[in-house]
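Readers should treat all values here as calculations from the given coordinates under stated rules, not as data from a laboratory. In this text the structure is predicted, and so the values were computed from the model without any measurement. Cβ coordinates were reconstructed from backbone atoms using ideal geometry, including for glycine residues, and neighbour counts include every protein chain displayed.
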Amino acid sequence: MDFADGQTFNKLAATVGMMPGVTHSLPLEIVALGGLGEFGMNLMVYRYGGDCLVVDAGMMFPGAEHLGVDVVVPNMEFLDEAGTIHAVLLTHGHEDHIGALPFLLARRDVPVYGSPYTLGLVRGRLAQHDLETTPRLLALPQHGTPLTLGPFTVTTLPVSHSIPQSAMLVIETPVGRIVHTADFKLDPYPLSGPGTDLSRLARLGEEGVLLLLSDSTNADLPGITAGERTVGPALDRAIAGVRGRVLVTTFSSNIHRLQQVIDAGIAHGRRVAIVGSSMEFHTDVACSLGLLRIPAGVLVGADAAMNLPAERALFLVTGSQGEPTSALARIAIDKHRDVVISEGDLVLHSARAIPGNDKTIGRMINHLLRRGVTVVTSKDAPIHVSGHPRGDELALLIHLLRPKFLLPIHGEYRQLAAHAAIGRSCGLAADRVLLADSGDLLALTEDDFTRAERVPVGQVFIDGALDRVDFTTLRDRRQIAGDGIVIAVVAVDRESSSVSRLTEITSRGFVHDASEEEILEEARDVVALSLAETSREERADEGLLKAKIQAGLRRFLRKRTQKRPLIIPVIVEL
Ligand SMILES: [Zn+2]
Ligand SMILES: [Zn+2]
């Protein structure tokens, strides 16, 4: 079926759908506003006619090129016109699944469903925002208990992941059953909680699954991901016999990991201090829900821990990604208020580096090593395992569920492609496996799964003040950071529209040697020349005049210095 004109088709189909006795004539539309072809910003929309369901609303951590940007969220324009949004379902509490929620709720006031732990984290995040409406945060029903939302009926099943209370979604739609895994791993020996419900998955497979959307994060890695339980003994071995203080950093939301670190600390007679606001926040939420168990008398404040003999103290600290303001990054340069490290101390990096953060983590480790601290990362000892499934687990899931169609999600193109290859090797026909990008609107019927049209998607940059940073600002910041700034001041006589004052040219961060003065002198001549070439009309129009000066200077400076500084012409009218 050709959906070239999607709108017309939808209207037509909607009419047909209303006719009695005619069912399944409408395709289910599926579109990711983020998370396909990129890591992070996971946001999936399911739409049937005018009824929508949103799964997750995540952010992406900015890269080094996003100067002054703290958060990247998906462009959510599509949701404005998407019809009735019955709910946002949150699969778990990781930032790449909940971080964009405040921005979504600012656009559309819709109910949000999640597990108690997920909602606890969401509340903390929403508290930083000034929303006009009070968010409606609702607990997901027990696993297996149906929740009806418009034409959709959703049940959840528990999965193992690197954060407690993660859920896989089973969505019954008018065209058939969809299984949306979100993030998961199979981990047959989960530390606590029910783990991934394999028998339920097998039953679903027997009953029939139309479409499987599954986690591709580690699809390009062979084998299976080790269980969380394997980390405990490794932590234990690393800590055993250490005479100095022990500092451990990991993702604050990885409560199972925190539990194992605390247990290892207790086993070696250490008391534990929680350091860093994110670590305090996550442990508070987890303790209040009984997800983290710390015996009385174990926790101490950071300053009290510093007063203990070194071999009696363990610090759980933020900073697994080397973030400059995090506890460990500050400790590493002797700039932390409470915690001071010294020779003989041990730092355990029990996390992975989010792609792009390797350099900042590396710098932090350099500082630590320079101070005589021993640093152990997951490269040195098995003190970290991933929360995502590897290739063999993905294949097992496909065999259990036996879906008619497969859509790999969560990953860059290479992970999605690797996942698609796994699907084909499990016996799915090539045309049953779809490789899609964020913004591809896909149409699913009982027999077909195709790309229908494109919707607007992209990244929206947010700075620390929660304001939107537009692309031009970002480009300017990048230009200034790289090649500096050149300012040309031109005085124009309003009456005669003639240039009446010699141009002032100054620069910052542009060239730092003796040639600077010479270049700026030449630049002044270039501006004089472009001014001489302007017509009276151009001189009278500030915009045109600026453009002309900019173009002339840009050409000259690029040729003369191979640099592209930000050029700001300032017109002063006399
Ligand atoms: Zn996750
Ligand atoms: Zn994720």
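For the reader, a short list of remarks on this structure follows.
- In Hz, Karplus ³J(HN,Hα) per residue of the stretch 197-214 (6.51, -1.76, 1.60; θ = phi - 60°; x = Gly, Pro): 7, 5, 5, 5, 4, 4, 5, 4, x, 5, 6, x, 10, 7, 9, 10, 10, 9
- Backbone phi angles across the stretch 526-542, fed through the Karplus curve with coefficients 6.51, -1.76 and 1.60 (θ = phi - 60°), yield HN-Hα couplings of 4, 5, 4, 5, 5, 5, 5, 7, 7, 7, 4, 5, 4, 5, 6, 9, 4 Hz in residue order; Gly and Pro are listed as x.
- Computed log₁₀ I(q)/I(0) - Debye formula, equal Cα scatterers, no solvent, the stretch 173-223, q 0.15 Å⁻¹: -0.53
- Percent antiparallel among DSSP beta bridges (both partners in the chain, rounded to 5): 50
- Partners for Lys559 among lysines (Cα-Cα distance below 27 Å; same-chain residues under 8 apart left out): Lys546, Lys548
- Ignoring aspartates and glutamates fewer than eight residues from Lys359 along the same chain, the ones with Cα atoms less than 17 angstrom from its Cα are Glu65, Glu323.
- For the peptides 142-151, 366-375, residues were scored by their other Cβ atoms within 10 Å and the scores averaged per peptide; the highest-first order is 366-375, 142-151.
- The HN-Hα couplings worked out from phi for the stretch 128-143 by the Karplus form 6.51 cos²θ - 1.76 cosθ + 1.60 (θ = phi - 60°) are 7, 10, 9, 7, 6, 10, 7, x, 9, 9, 10, 6, 5, x, 3, 3 Hz, whole numbers, x standing for Gly and Pro.
- Of Leu299, Asn254, Ile224, farthest towards positive along the dipole that unit charges on Lys, Arg, Asp, Glu beta carbons give the stretch 185-309: Leu299
- For Lys404, a cut-off of 26 angstrom between C-alpha atoms picks up these lysines, skipping any fewer than 8 places away in its own chain: Lys185.
- When only the Cβ of Lys, Arg, Asp and Glu is charged (+1, +1, -1, -1), the dipole of the stretch 46-126 relative to its Cα centre reaches about 280 debye.
- Comparing the chain with the 2.2 N^0.38 Å rule of thumb, its C-alpha radius of gyration ratio is 1.16 (two decimals).
- Mean residue ellipticity (222 nm) of the chain, computed from DSSP H runs ≥ 4 via -39,500 (n - 2.57), nearest 500: -9500 deg cm²/dmol
- Cα-centre dipole for the chain with unit charges at Cβ (Lys and Arg positive, Asp and Glu negative), debye to 20: 1460
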